[in-house]
1. List the distances, in nm and shortest first, from the label point of B:I151 to the matching label points in every other copy, placing each point 7 Å from Cα along the Cα-to-Cβ direction.
2. Once the mean 1/r over all distinct Cα pairs of the range A:40-142 is inverted, what Kirkwood radius in angstroms do you read off?
3. Could you pull the copy-to-copy label distances for C:L23, with points set 7 Å along Cα to Cβ, in nm to one decimal and sorted shortest first?
4. Could you tell me the relative contact order of chain A? Use alpha-carbon pairs under 8 Å, at least six residues apart, and round to a whole percent.
5. With everything on Cα atoms, drop me the angle between helix B:102-130 and the longest principal axis of chain B, reported from 0 to 90° to the nearest 10.
6. Within 10 Å of each Cβ of C:27-34, how many other protein chain Cβ atoms are there on average?
7. Counting pairs of alpha carbon atoms under 8 Å apart in space and at least six apart in sequence, what relative contact order in percent does the range D:60-133 give?
8. If N is the number of residues in the protein assembly as shown, what value comes out of its Cα radius of gyration divided by 2.2 N^0.38 Å?
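The numbers here are math on the coordinates, done by the rules we state, and not lab data. Treat the numbers as computed from the prediction; the structure is a model and nothing was measured. Quick reminder, even Gly has a Cβ in these numbers, built from the backbone with ideal geometry, and neighbours come from all protein chains shown.
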4 protein chains.
Amino acid sequence: MNKGRLEAFSDGVLAIIITIMVLEIKVPHGRELADLKPLIPVFLSYVLSFIYVGIYWNNHHHMMHTVRRVNGSILWANLHLLFWLSLIPFVTGWMGENHFSPTPLALYGVVLLMASIAYFILQNLIIKSHGHTSLLAKAIGKDIKGKISPILYLIAIGSSWLSQSFSGGIYILVALIWLIPDKRIERTITENPPKH
Amino acid sequence: MNKGRLEAFSDGVLAIIITIMVLEIKVPHGRELADLKPLIPVFLSYVLSFIYVGIYWNNHHHMMHTVRRVNGSILWANLHLLFWLSLIPFVTGWMGENHFSPTPLALYGVVLLMASIAYFILQNLIIKSHGHTSLLAKAIGKDIKGKISPILYLIAIGSSWLSQSFSGGIYILVALIWLIPDKRIERTITENPPKH
Amino acid sequence: MNKGRLEAFSDGVLAIIITIMVLEIKVPHGRELADLKPLIPVFLSYVLSFIYVGIYWNNHHHMMHTVRRVNGSILWANLHLLFWLSLIPFVTGWMGENHFSPTPLALYGVVLLMASIAYFILQNLIIKSHGHTSLLAKAIGKDIKGKISPILYLIAIGSSWLSQSFSGGIYILVALIWLIPDKRIERTITENPPKH
Amino acid sequence: MNKGRLEAFSDGVLAIIITIMVLEIKVPHGRELADLKPLIPVFLSYVLSFIYVGIYWNNHHHMMHTVRRVNGSILWANLHLLFWLSLIPFVTGWMGENHFSPTPLALYGVVLLMASIAYFILQNLIIKSHGHTSLLAKAIGKDIKGKISPILYLIAIGSSWLSQSFSGGIYILVALIWLIPDKRIERTITENPPKH
């Protein structure tokens with residue numbers, strides 16, 4: 001079983017997800033700068049989701065780099081991850097069009113939470129299949145980022161009815177945590193080049 | 001003739017099919033949880049179709065893995081399969097928006113039936129081209145799943161005007177049959193690694 | 001310059017073209033079989049265009065198989081071809097929604113004509129770059145299909161205001177001409193395997 | 001870190017951007033040639049943006065050809081470029097639907113400006129990672145085109161409220177500057193084939 005098509009299919013789905021989100025930014029009827037104003041929350045949620053999908057693509061890219069063989073469970077765990085990510089354009093559109101009001105804000109977090117759980121499952125299946133001494137197991141180490149993110153999402157979901165800014169701020173915080181260069185896998189790979 | 005582009009093109013089409021289906025889940029105007037309620041049938045049909053396209057991608061991936069040469073007939077049989085799969089977003093949307101009412105439910109089955117026939121034709125053309133002692137011929141064996149699925153679809157189509165739950169249950173059943181790990185090709189390939 | 005990304009990008013664009021056409025088949029509001037009736041011309045034009053894009057993908061696949069090096073002119077001639085093909089969803093939708101009325105029928109032909117000219121230019125640039133004794137030059141020979149198609153499109157365009165059936169019939173005829181297995185390149189390649 | 005998936009993902013996103021732009025050309029309700037007339041500005045802006053995305057794909061293709069290793073910064077700089085390019089369908093639609101009126105015309109330039117800056121950042125990160133004696137550094141030389149384009153965009157943005165034709169003319173001019181075959185990278189690569 002080779003991983004080439006798994007990567008190609010995932011790249012395809014992620015590329016489409018990241019691009020069709022822009023279709024939610026509907027061309028306004030007016031022709032003045034003021035006509036763009038109602039689009040600002042839609043645009044901001046687009047930026048946030050673009051970064052999230054970018055992070056997933058980036059991490060997926062690094063994780064798959066360590067994979068040597070693919071089995072049925074990995075294929076389905078990957079599809080499960082893509083399923084939750086495929087809902088991002090919908091929740092992004094709903095959140096943006098409703099100016100980050102509580103329920104859409106919470107649902108956005110639910111989809112991010114489910115995606116992070118799906119990623120965790122995929123990661124564990126790969127480690128299970130490749131052994132606890134494998135490259136990926138070494139690279140993620142204690143996986144603090146991976147464990148703290150779902151907790152932060154839960155806090156954001158719960159607090160969205162109390163303070164929208166606090167909840168939204170957490171989503172930005174999680175994105176920043178992941179944006180900070182994560183040299184773990186890169187470094188581990190450099191030190192332990194995979195043998196093909 | 002190499003199979004690389006056939007796989008790349010099929011991956012592209014399947015990735016787009018699976019992702020544009022989500023565009024049928026239209027962002028609601030309201031901002032409350034209750035505003036999502038009318039979307040539940042649309043969402044459920046999205047989940048079902050996502051799994052079906054996932055199964056086709058999975059099976060296509062395994063089948064193509066055994067292919068060594070591609071000819072014109074295989075290219076067109078593959079396009080024929082993609083044609084029927086490309087109609088899934090349409091029938092999914094129609095079925096979901098009409099709360100699984102009889103006619104859309106039956107049409108959903110018709111498209112699944114045609115796709116399964118197209119898959120059968122593609123599979124047979126590959127076996128014909130590679131020989132009855134080929135990897136794929138060995139791997140599928142009696143192909144019970146492949147033969148029972150069209151029959152189940154026919155039953156589901158016929159019964160959709162009698163009982164929508166029964167008919168819908170069959171679509172879920174067929175998906176489950178295919179979701180149960182099918183180790184045939186995987187095992188056969190492990191035992192008979194293709195010589196490139 | 002390698003041809004890998006040229007193929008990947010073309011596959012991507014063709015996969016999207018062939019799939020977004022299905023978005024023109026709008027989900028009807030009613031839930032009966034009769035509600036699908038107005039969609040019949042839209043569906044028929046979808047089938048025709050699916051076959052045309054399939055033929056282009058198929059021919060592109062074969063032609064690129066003979067290419068050894070890619071230069072700037074080939075990249076742009078390829079983008080020029082993709083430009084005209086990208087208009088197919090638009091003219092397909094317009095033709096289908098207007099029940100094959102004269103002007104949309106003629107415009108459909110204009111886009112097919114321009115695509116065939118763009119294909120001809122691309123083919124000639126490849127031959128020019130690879131030499132008249134190259135694989136592609138041998139394979140296409142006198143290129144009767146390539147030369148007769150634009151003439152047939154012109155006849156179809158001109159006759160669409162006289163008889164829609166005659167004009168539409170020609171589009172079907174050209175598709176059939178190309179669907180008939182064209183063993184030229186396949187055979188020539190088998191006899192002269194490319195040296196990589 | 002290999003560059004294969006970076007190219008595949010970028011190809012996917014660019015292929016989708018170039019193709020979904022065509023969805024902005026909405027199928028008209030009438031069936032006469034006159035019904036297409038309001039679409040002319042939309043079509044012209046589609047042509048311009050198609051060429052721009054084509055240029056970016058072309059340049060990206062050439063630039064990536066010189067890349068030997070990819071790191072986290074390059075991945076994100078590439079996503080940053082794709083982000084600005086992903087906004088092209090939106091500004092193209094807005095500009096076309098408003099017949100090139102000043103504000104949409106200026107915003108079109110802003111997105112092109114940001115994309116050119118993103119491209120510049122990506123290019124510099126690659127040179128930084130590969131050394132100033134690298135293939136890309138040699139190939140781009142003084143990078144006159146890359147430096148003059150942002151200046152021209154700024155002029156076009158500023159002048160869009162004074163003269164729409166002048167501003168639009170500059171966008172066409174920049175496209176032409178890039179369309180003129182840029183043999184730099186091609187020639188440099190031919191003279192210094194990358195060692196894999």
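1. Distances to the matching label points in the other copies: 5.4, 5.4, 7.7 nm.
2. Hydrodynamic radius (Kirkwood, Cα only) of the range A:40-142 equals 14.7 Å.
3. 0.2, 0.2, 0.3
4. Relative contact order of chain A: 24 percent.
5. Approximately 10 degrees, to the nearest ten.
6. Average neighbour count from other chains, rounded to a whole number: 6.
7. Normalised by residue count, the contact order of the range D:60-133 is 44 percent.
8. The reported ratio for this selection is 0.94.
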